[in-house]
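The structure appears below as structure tokens.
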Amino acid sequence: MPEVADFMTARSWHWRRWSFHRPAQIMGILNVTPDSFSDGGLHLDHQRAIIHGLAMAKDGAAWIDVGGESTRPGSTPVSADVELARVLPVIRALAAAGVAVSIDTSKAEVAEVCVASGAQMVNDVTAGGDAAMAGVVARHGVPWVIMHLRGTPATMQQNPTYSAVVSEVGDHLQQRLAAAVLAGVDPSQILIDPGIGFGKTSDHNLALLRGLDQLEARFDRPVVVGISRKSFLPRLLGRDVSPAERDAASHVLHGLLAPRCALLRVHDVRGCRDALRLTAILDGDEPC
């Protein structure tokens, strides 16, 4: 297990043909939904979604995370058929263009079809809440992001309470990882996500961001972080800022977090790429 003192140095993990490392790569968010909190409806049209996904890849996203079901606070689930109708044409087109695609879903049925259609990763906000999900990722041998979520998207922000949020989130992820391994998943294919904004207050989110080193040291697995445009940002800023106006604040945190995680899940890929480049230059890790 790595020492916490080593976390400002580069680190890498490998699973079959995939590689993850610190400083972080960028995962571009592509919501093919009508109701996502930041960009719901913007990319519901398949052709617009494909164009946006290709643009994010060109701008520097190592992965494009395609989702067909909103997980914003208060959202309600959709059927697997609806989800597949939204995402499959997009995944097939992006994969055919050579883009590394992740399917953002909590349904094993959806993951099965999408991986067979070209997706190379499963991003699961329920960390195997669908008991069949472990079998899908084990059978296909793709990387699997397991995320901490307390409750459901519909209920998660109803007075979330923790005694020690970093250790409690870690305990939950440990249980889900153990269940996955028992179901046949190789632990080397798992990435962990503390679930910023998913059943947490602003203070909980900050504690988790400050505790990323502890989580990575506990699991020795790549850490995925998604803070882009989330509602705790205006609370930290002390003023009301709409989701579309949160990119500047997001990128400040992206630059600070890049040395401490393996994937940053972001809406504005070009802005994030610029933030990471400037951070690297300032640290002497990249020439001007």
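The values are calculated or read from the model by the stated rules, or taken from the named source; none is laboratory data. A quick note: this is a predicted structure, and the numbers were derived from the prediction, not measured. Virtual Cβ from ideal backbone geometry, glycine too; neighbours counted across all protein chains shown.
A few points about this structure:
- When the helices (runs of 4 or more DSSP H) confined to the range 15-123 are screened for residues that are modelled with pLDDT of 95 or more, surrounded by 16 or more Cβ atoms within 10 Å (Cβ to Cβ) and β-branched (Val, Ile, Thr), those reaching at least 2 such residues are found at 80-96, 108-116.
- Only one of the numbered conditions (1) within 27 Å of SER231 (Cα to Cα); (2) under 18 Å from the mean Cα position of the chain (by Cα) is not met by VAL110, and that is (1).
- Among the conditions (1) touching a helix residue (DSSP H, G or I) at 6+ places or on another chain (Cβ under 9 Å); (2) loosely packed, with under 15 Cβ neighbours inside 10 Å; (3) within 28 Å of LEU256 (Cβ to Cβ); (4) not charged (D, E, K, R), ALA132 misses just one, which is (3).
- Hey, VAL122 within 19 Å of the chain's Cα centre (by Cα), under 20 Å from TRP15 (Cβ atoms) and touching a residue at least 40 places away in the same chain (Cβ under 8 Å) or not: no
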